[in-house]
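Read through the structure below, which is laid out as structure tokens, and then see the notes.
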Amino acid sequence: MSEPAKLERGLGLLEATSLNMTFMVGIGPFVVIPIVIKAMGGPGSLLAWVAGAALALFDGCIWAELGAAMPQAGGSYVYLREAYGAERWGRMLSFLYIWQTLFQGPLSVASGALGFANYSVFFFNKASGDGAARMAPYFTKGVAALVVLAVVALLYRRITEIGKISIAFSAIVIATILWIIFGGATHLSARRVFDFTDTHWDSSWLLLAALGHGTVQTVYSYLGYYNVCNLGGEMKNPEKNIPRAIFISIAGITVLYLAMQTSILTVIPWREAADAKAIASTFIERLYGGQWAGVVTVLILITAMGSVFAAMLGYSRVPYAAAVDGNFFSVFGRVHPTKRFPFVSLLALGATAILFSLLFKLVVVIRAILAMRCLIQFMGQAVGLVVLRRRRGAAAMPFRMWMYPLPVAIAILGWAGIFISTGKRPMIASLGATFVGILVYLVRSSHLRQWPFKEAVE
């Protein structure tokens, strides 16, 4: 299917990379750093960040090939459909991706909003008395909902204006992390960073289990390197700029994350950092005092809002692409008459994200997001690239990864490990949602006489 001419190709490499990096950082590292430190026992947390970056890099090769070959709105929806056959398995798998996106898209947006709300408690806790403690849960839920509403308002405009906003968010993200890195660099203590006492790695199995748990958290903080693929229909020179944006954002964020983790360990003893509620604010307060801690908290909140902004922008294009393709409700294919963006899809995503923000906790959301993405989107897409290469030939791909198919194999094994590490409940929930999605697809296909029922009536 050719890309509809309704969307405007207004995003260049700078805007695309900014959107990727803003989505990747968000509130993620500031929330999961204490969890990773506790899982890995201090300095071992650096290993979890490296493992997360490696998986993002190998998987990024897959996204880069597919994104350059099919620069359309919808990302994985288009890739799954074309790789497995638009009138056969590809129709069902792309529908299942849309089905899961109905959950994982709003969950991703809600995770950023909840992270924003949780960090804003730093200010809320300044209030005294028992009433503040009792009101805290209601406060965070209300703040999360308001964040989603604010982001919908920001996104209700042309893509060229959104590109400029993304650059501003990205600048704040990088400035915040660089401030933390500078604070650590000027107080560097190798003895404190590499304090391995009480790490309790008595066997390779314990280390592997800890690494799995820690990497689940770090991978969450890297998610978003592929966001530009959802916006393929709005990219300038997508065959070159999509791969570039993916690899630049992964490399840049990896360096920033490792430096930030090292900086925090050099100032705050890892046993204390493992239980910190607002790790970056505590870090700045330790170095510069309470007033500057308030400033960095504001910057982190802006960063979190930027992540919600980038996530909602990307995911709002997925139902739109399916609707235009005739594989989802047609109302989602409506484009704003003057601003030229899928406004129905954006509003629906925002409403669902508000509901999820009110219903769930952040830790639950993080694991649910990863479990739902592993099977259909990440692993299914990796296998789909192999199928597509065999059918089209490598020469037909505008971008070709290095050392193919090794990155594909490593990515599949990595996502399988992440899926298992999410835990029993997220795995069962993900498999259950997929099973229900298959039933919905079969009922719908039977009614519309589409594959696999189309063949039966011919």
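Just so it is clear, none of the values below were taken in a lab; they were calculated from the coordinates. These numbers were taken from a predicted model, which means no experiment stands behind them. Neighbour counts run over all protein chains shown; Cβ positions are idealised from the backbone, glycine included.
Taking every alpha-carbon pair under 8 Å whose residues sit at least 6 apart, the stretch 152-306 reaches a relative contact order of 39 percent.
Each of 253, 393, 196 was scored by the projection of its Cα onto the charge dipole of the chain, and the greatest displacement toward the positive side belongs to 393; charges sit on the C-beta of Lys, Arg, Asp and Glu.
In a simple Cβ point-charge model (Lys, Arg +1; Asp, Glu -1; nothing else charged), the stretch 356-417 has a dipole of about 160 debye relative to its Cα centre.
As I understand it, the value is the acute angle between the Cα axis of helix 406-421 and the longest principal axis of the Cα atoms of the chain; what does it come to in degrees, rounded to 10? The answer is roughly 60 degrees.
Find out how many positive minus negative residues lie around residue 355, taking Lys and Arg as positive, Asp and Glu as negative, among other residues whose Cβ is under 15 Å from that of residue 355.
Details: positive: 141, 361; negative: none.
Value of the local net charge: +2.
Exposure proxy for 19, 154: other Cβ atoms within 10 Å of each Cβ, ordered fewest to most, give 154, 19. When you restrict to C-alpha pairs under 8 Å that are six or more residues apart and normalise by the size of the stretch 237-396, the relative contact order lands at 9 percent. Counting other beta carbons within 10 Å of each residue's own, what order do 24, 427 fall into, fewest first? Ranked by crowding around the Cβ, least crowded first: 427, 24.
Starting with the fewest neighbours, write out 362, 155 ranked by other beta-carbon atoms found within 10 Å of each beta-carbon. Could the numbers behind the result be given before it?
On the way: 362 20, 155 24.
Fewest-to-most Cβ neighbours within 10 Å comes out as 362, 155.
Taking the longest Cα principal axis of the chain as reference, the axis of helix 238-267 is set at about 20 degrees. Within the shell defined by Cβ-Cβ distances under 11 Å, the residues around residue 68 carry a net charge of +1, with Lys and Arg each +1 and Asp and Glu each -1.
Since only 381, 10, 111 are under comparison, the one whose Cα sits farthest along the positive direction of the charge dipole of the chain, derived from C-beta charges on Lys, Arg, Asp and Glu, is 10. Note on the chain: with charges restricted to the Cβ of Lys and Arg (+1) and Asp and Glu (-1), its dipole about the Cα centre is near 700 debye.
Percent relative contact order of the stretch 13-424, based on C-alpha pairs within less than 8 angstrom and at least six residues apart?
Numbers: 697 pairs, mean separation 154.1, N = 412.
Answer for the stretch 13-424 is 37 percent.
Selection among 295, 336, 276 by position relative to the dipole of the stretch 271-366 gives 336 as farthest towards the positive end (Cβ unit charges, Cα centre). Helical runs (DSSP H, four residues minimum) scored at -39500 (n - 2.57) apiece and divided by the length of the chain put the mean residue ellipticity at 222 nm at -25000 deg cm²/dmol. Checking the cross-link pairs 141/361; 141/164; 277/361; 240/339 against a 21 Å limit on the alpha carbon distance flags 141/164; 240/339 as lying beyond it. With angles folded into 0 to 90 degrees, how steeply does helix 290-315 sit against the dominant principal axis of the chain? Use alpha carbons for both and round to 10. Between the helix axis and the principal axis of the chain, the angle is about 10 degrees. Size check on the chain: the Cα extents along the three principal axes, sorted descending, read 72, 49, 40 Å.
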